[in-house]
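Engineer: I have a structure I would like to understand better, so I am pasting it below and will then ask my questions one at a time.
The values are calculated or read from the model by the stated rules, or taken from the named source; none is laboratory data. These numbers were taken from a predicted model, which means no experiment stands behind them. Methodologically, a virtual Cβ is constructed for each residue, glycine included, from the backbone with ideal geometry; neighbour enumeration extends over all protein chains shown. Keep in mind that these areas ignore ligands, DNA and RNA; they rest on the heavy atoms of the full protein, side chains included. Shrake-Rupley method; radii C 1.70, N 1.55, O 1.52, S 1.80 Å.
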Amino acid sequence: MKTRFIPPALLALLFSGAAAAAAPAAPSAARTCHLPGTEGALNCHSVPVPLDYAKPAAGSLKIHVAVAPAFREGARGDPLFVLAGGPGQGGSEVIRLLSAAFSRVRATRDIVFIDQRGTGLSGKLECKDVPGQETMSEAALEAEAHRCISTSKVNFAAYTTANAARDLEAVRRALGYPKVNVYGVSYGTRLGQAYARAYPGSVRSLILDGVAAPDQVIPAGGRDAQAALDKLFDHCARDAGCKKAYPNLRADFENLAARAESGIKLSLTDPRTAQPLSFTMSGARFNGTVHSILYSPADARRLPFLIHSAAQGRWEPFVARQNVVGDFAGDGGNATLLYLAIVCAEDVPRMTPSLMKDDAAMLTRPLVDRIPAMCKHMKVPAVPWVAPTMIEAPALLLSGALDPITAPRRAEAAARHMRNARHLVVANAGHNVSQLGCTPRLLRTFLDNPGAALDAKCLAEIPPPTFQLGSAGPQP
């Protein structure tokens, strides 16, 4: 399962201080619910919170919470709160982590999936999918995004990380948990850190996977994206089969990227419909697709095949993978407007010319170039930067060495503001590692005793995926 900083819709188009939460009204009674991706029943709640904590009379919204009860009787009283990535994913959209990463943890603890305000079942702020968006011109895509923003009646300024952290405290109180453990992935690590700083007495421990540094500017990930691509090329050159199959991989990629900047007119058979298809492969589409592929090492090991095929004039495999980027059903459907509300208020104001020059890279340039213009339509006030305070709760930080957006250096930067943090790097992993190898066992071990030593040598046993050398798929 992938969670990401950049929602598929934008790829196609292209911390908080302490504050007391208003006492929430009693939540609706827990009801039995079934969510896609789970077999058993869950207990779901709707927790009312103010839309604007500074103006309680301005209205309210309901935060959707799905609780997977601990398997054993006499469960521990400190559950695991799960915060998804994006920003734009809801907890209900990463529910598959229940079996993939948390099956051991659930033996003794409730697992609580929270849909952040504006995501999932908590009033999702999304732009509806547009038929044919994979082949629309850049101007048409941009116009559609602007139309979506302008027709929304939502007060985007209320959808900040700080307010989402206040919502978490309202959920904790409404469900009656004295303290909680917080699991955040990707953007969820930013929200998790914000919550731990705003309500230190409520947090027992933190597990942060794919860690966002407090000073990280989400769209500006060019340096890490390029490093991940360079590592892939180097790994292919050191693999006998990959080197033989794709001897000119880097040159082929650079040639395709250069051509895409001017637009590559394609006529092919649509991989989805088997009908004739004509459109222009733009630089934004090409780079956005490559960047999304790098999130997962298993996916990345298919990239040399896709590049080689396109260089030979056979674009169908690449276009099929491009469709996945824009397929809202394929990854839970990020809340595009929530993404913009947060990034336009918290990140874009910090996109200084010096930062952009230092972090400039081809893979992320389309997003960096487009997002400030989109933010002008969002009209959200900038959230002032606040220097991070020290987090006292024990924290386990997880990084994949091949991560193109939250590289290990980001976790190291975050750890400098944590009193008791340990950082584990998985050599053969990308963005999100919690479900890999022995990691689920390590999560349980850490939560049972956050202050104890953690033997993580088993992470070195996670193997690299094999390269795809032909149309039949990856090597066995």
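Engineer: Restricting to the stretch 268-322, what's the tally of residues that are among the charged types (D, E, K, R) and within 24 Å of the chain's Cα centre (by Cα)? Explain how you work it out, then say what you get.
Structural biologist: Kept after step one, since they are among the charged types (D, E, K, R), are these residues of the stretch 268-322: 270, 272, 285, 299, 301-302, 314, 316, 321.
From what's left, within 24 Å of the chain's Cα centre (by Cα): 285, 299, 301-302, 321.
Residues that pass the stated criteria total 5.
Engineer: For residue 118, only one of the following conditions fails: (1) at positive phi; (2) modelled with pLDDT under 95. What is its number?
Structural biologist: If we test residue 118 against (1) at positive phi; (2) modelled with pLDDT under 95, just (2) comes out false.
Engineer: Working carefully through the options 15, 5, find the one that is open to solvent by 10 Å² or more (accessible area, probe 1.4 Å), modelled with pLDDT under 90 and more than 19 Å from residue 112 (Cβ to Cβ). Talk me through it step by step, then tell me what you get.
Structural biologist: Numbers: 5 fails: open to solvent by 10 Å² or more (accessible area, probe 1.4 Å).
Residue meeting the stated conditions: 15.
Engineer: Within the stretch 369-390, identify whether any single residue is within 21 Å of residue 191 (Cβ to Cβ) and among the polar types (S, T, N, Q), and answer yes or no. Reasoning before the result, please.
Structural biologist: Applying the first criterion (within 21 Å of residue 191 (Cβ to Cβ)) to the stretch 369-390 yields 371, 375, 378, 380-390.
Subset that is among the polar types (S, T, N, Q): 389.
Within the stretch 369-390 (the criterion being within 21 Å of residue 191 (Cβ to Cβ) and among the polar types (S, T, N, Q)), the answer is yes, since at least one residue qualifies.
Engineer: With respect to residue 277, is the statement that it is open to solvent by 10 Å² or more (accessible area, probe 1.4 Å) and modelled with pLDDT under 95 true?
Structural biologist: Considered against the rule, which asks whether it is open to solvent by 10 Å² or more (accessible area, probe 1.4 Å) and modelled with pLDDT under 95, residue 277 comes out as yes.
Engineer: Just wondering, is there one or more residues in the stretch 82-94 that are part of a loop (DSSP other than H, G, I, E, B) and surrounded by fewer than 24 Cβ atoms within 10 Å (Cβ to Cβ)?
Structural biologist: First, pick out the residues of the stretch 82-94 that are part of a loop (DSSP other than H, G, I, E, B): 84-90.
Remaining after also requiring surrounded by fewer than 24 Cβ atoms within 10 Å (Cβ to Cβ): none.
Within the stretch 82-94 (the criterion being part of a loop (DSSP other than H, G, I, E, B) and surrounded by fewer than 24 Cβ atoms within 10 Å (Cβ to Cβ)), the answer is no, since none of the residues qualifies.
Engineer: Being of a type outside the set (A, V, I, L, M, F, W, C) and either out of contact with any helix residue (DSSP H, G or I) (no Cβ under 6 Å at 6 or more places or on another chain) or under 21 Å from residue 225 (Cα atoms) (or both) is the filter here, so list the residues in the stretch 424-436 that pass it. Step through it out loud before you land on a result.
Structural biologist: First, the residues of the stretch 424-436 that are of a type outside the set (A, V, I, L, M, F, W, C): 428, 430-432, 434-435.
428, 430, 431, 432, 434 - these are the residues of the stretch 424-436 that are of a type outside the set (A, V, I, L, M, F, W, C) and either out of contact with any helix residue (DSSP H, G or I) (no Cβ under 6 Å at 6 or more places or on another chain) or under 21 Å from residue 225 (Cα atoms) (or both).
Engineer: Exactly one condition in (1) out of contact with any Gly (no Cβ under 7 Å at 6 or more places or on another chain); (2) outside any loop (DSSP other than H, G, I, E, B) is false for residue 366; which is it?
Structural biologist: (1)
Engineer: Looking only at the stretch 391-428, count every residue that is assigned to a strand (DSSP E or B), touching a Phe, Trp or Tyr at 6+ places or on another chain (Cβ under 7 Å) and within 13 Å of residue 296 (Cα to Cα) and tell me the total. Steps first, answer last, please.
Structural biologist: Looking only at the stretch 391-428, we keep the residues that are assigned to a strand (DSSP E or B), and these are 391, 395-400, 418, 421-426.
Remaining after also requiring touching a Phe, Trp or Tyr at 6+ places or on another chain (Cβ under 7 Å): 396.
Now drop any that are not within 13 Å of residue 296 (Cα to Cα), which leaves none.
So the count comes out to 0.
Engineer: For the subset of the stretch 64-79 comprising residues that are surrounded by 24 or more Cβ atoms within 10 Å (Cβ to Cβ) and closer than 20 Å to residue 196 by Cβ, which member is nearest to the chain's Cα centre (by Cα)?
Structural biologist: 65
Engineer: What do you reckon, is residue 339 among the hydroxyl-bearing types (Ser, Thr, Tyr) and in a loop (DSSP other than H, G, I, E, B)?
Structural biologist: Numbers: among the hydroxyl-bearing types (Ser, Thr, Tyr): yes; in a loop (DSSP other than H, G, I, E, B): no.
Here the answer is no, as residue 339 does not meet what is asked.
Engineer: For residue 184, only one of the following conditions fails: (1) at pLDDT 95 or above; (2) surrounded by fewer than 21 Cβ atoms within 10 Å (Cβ to Cβ). What is its number?
Structural biologist: That leaves (2) as the condition not met.
Here's the yes/no breakdown for (1) among the β-branched types (Val, Ile, Thr); (2) in a helix (DSSP H, G or I); (3) surrounded by fewer than 24 Cβ atoms within 10 Å (Cβ to Cβ):
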position	(1), (2), (3)
204	no, no, yes
208	no, no, no
214	no, no, yes
217	yes, no, yes
223	no, yes, yes
228	no, yes, no
231	no, yes, yes
235	no, yes, yes
